[in-house]
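Colleague: Take a look at the following structure, please.
The values are calculated or read from the model by the stated rules, or taken from the named source; none is laboratory data. This structure is a prediction, so every number in the text was calculated from the model and none was measured. Neighbour counts are summed over all protein chains in view; Cβ atoms, including those assigned to glycine, are modelled from backbone coordinates with ideal geometry. SASA here: full protein model, heavy atoms, side chains in, ligands and nucleic acids out. Shrake-Rupley method; radii C 1.70, N 1.55, O 1.52, S 1.80 Å.
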Amino acid sequence: MDAIRSPSVGELSGRDQAKTRALAERLGSSAQRGIFAEAVEFGDVVLVAVLHSAVADVLSTAGAEDEALRRKVLTDCTNAVVSDRFVLDLPAGTSMPEQLAAQAVGAHVVKAFNTCHESVWRLASPAFDGRPLIVPLCGDDPDAVATVRSLVTDIGCEPAEGGRLERAALLEATTAFLIGLWFGGVDTQAMLPPHKYATGA
Ligand SMILES: NC(=O)c1ccc[n+]([C@@H]2O[C@H](COP(=O)([O-])OP(=O)(O)OC[C@H]3O[C@@H](n4cnc5c(N)ncnc54)[C@H](OP(=O)(O)O)[C@@H]3O)[C@@H](O)[C@H]2O)c1
């Protein structure tokens, strides 16, 4: 569990207390820290930002199967990508947030913040070539999506409705493909035409 930028009120957790303490200090005095279960209990919104293969264990430790996340907005920014092949490390036909939703009883899962390097979220206001960065979101619960949408605008970005959680697999696959291109040196910003050409000018 982690924070994106310095939260006005937030709690951080990690398996390594020294690292968690260092991050809390870097984020400022308002960032508290605790064990996973405490971080989950603390707020209405939980961001899970650990290695994808560790997510299930971390959520279990936090009490996900025992409804610790009931009614919470569980935001998933993970990229389950095999690092040297840039393919998804997931069974076909599923996605990380759908797995989280199946595990975390009663949680409202939203996929978001997975399309950029974490350094982007630390910019004062992520805008490039004069345009705010677009952050796609996928989720089933409208209130949870609205909450994450407001977090996106809070950091100066623009949310884009990606649809229900069933479409998160597309977002994850798109991101995995982009990561492969980035590591190959491709400037993917130049990959897409302006919107007016999207459906035929
Ligand atoms: N880095 C980015 O720019 C970026 C961008 C988009 C999405 N993401 C996603 O965000 C997540 C975190 O990314 P990352 O860059 O920090 O690197 P990472 O190598 O994918 O994950 C390392 C993090 O996972 C934790 N972790 C690993 N195994 C764990 C376990 N068994 N139990 C508890 N925690 C465990 C590590 O804790 P320790 O510090 O204790 O080792 C560390 O905080 C990943 O899912 C990644 O796909 C990252």
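Colleague: Quick check on this structure: which one of Ala190, Ala173 is free of Cβ contacts under 8 Å to residues at least 24 places away in the same chain, out of contact with any Ser or Thr (no Cβ under 6 Å at 6 or more places or on another chain) and part of a helix (DSSP H, G or I)?
Modeller: Ala190
Colleague: Would you please name the residue that is least open to solvent (accessible area, probe 1.4 Å), looking only at residues in the stretch 1-21 that are of a type in the set (Asp, Glu) and at pLDDT 50 or above?
Modeller: Glu11
Colleague: Might you check whether a residue that is within 10 Å of the ligand (Cβ to nearest atom) and surrounded by 20 or more Cβ atoms within 10 Å (Cβ to Cβ) occurs anywhere in the stretch 60-74?
Modeller: No, the stretch 60-74 has no match at all.
Colleague: Now for a separate question. Considering only the stretch 139-153, how many residues are surrounded by 12 or more Cβ atoms within 10 Å (Cβ to Cβ) and out of contact with any helix residue (DSSP H, G or I) (no Cβ under 7 Å at 6 or more places or on another chain)?
Modeller: 10
Colleague: Quick check: anything in the stretch 42-54 farther than 19 Å from Gly10 by Cα, more than 14 Å from the ligand (Cβ to nearest atom), among the hydrophobic types (A, V, I, L, M, F, W, C) and modelled with pLDDT under 95?
Modeller: Scanning the stretch 42-54, I find no residue that is farther than 19 Å from Gly10 by Cα, more than 14 Å from the ligand (Cβ to nearest atom), among the hydrophobic types (A, V, I, L, M, F, W, C) and modelled with pLDDT under 95, so the answer is no.
Colleague: Of the numbered conditions (1) open to solvent by less than 40 Å² (accessible area, probe 1.4 Å); (2) touching a helix residue (DSSP H, G or I) at 6+ places or on another chain (Cβ under 7 Å); (3) within 17 Å of Thr175 (Cβ to Cβ); (4) more than 11 Å from the ligand (Cβ to nearest atom), Val87 satisfies every one except a single condition; which is it?
Modeller: The one condition Val87 does not meet is (1).
Colleague: May I ask you to say which residue of Leu88, Leu74 is closer than 24 Å to His117 by Cα, of a type in the set (A, V, I, L, M, F, W, C) and touching an Asp or Glu at 6+ places or on another chain (Cβ under 7 Å)?
Modeller: Of Leu88, Leu74, the one residue that is closer than 24 Å to His117 by Cα, of a type in the set (A, V, I, L, M, F, W, C) and touching an Asp or Glu at 6+ places or on another chain (Cβ under 7 Å) is Leu88.
Colleague: Still on this structure, I have one more. Return only the number of the condition from (1) open to solvent by 20 Å² or more (accessible area, probe 1.4 Å); (2) at negative phi that Val40 does not satisfy.
Modeller: Result: Val40 fails condition (1) only.
Colleague: Which one of these does Ala24 not meet: (1) within 11 Å of the ligand (Cβ to nearest atom); (2) of a type outside the set (D, E, K, R); (3) in contact with a Lys or Arg (Cβ under 8 Å, 6 or more places away or on another chain)?
Modeller: (1)
Colleague: Among the candidates Ala124, Ala102, which residue alone is closer than 18 Å to Arg164 by Cβ, away from the ligand (no atom under 14 Å from the Cβ) and small (Gly, Ala, Ser)? Explain how you work it out, then say what you get.
Modeller: On the way: Ala124 fails: closer than 18 Å to Arg164 by Cβ.
Only one candidate qualifies: Ala102.
Colleague: If you take the residues in the stretch 108-133 that are in contact (Cβ under 8 Å) with a residue 60 or more places away in the chain and over 20 Å from Leu181 (Cβ atoms), which one is surrounded by the most Cβ atoms within 10 Å (Cβ to Cβ)?
Modeller: Lys111
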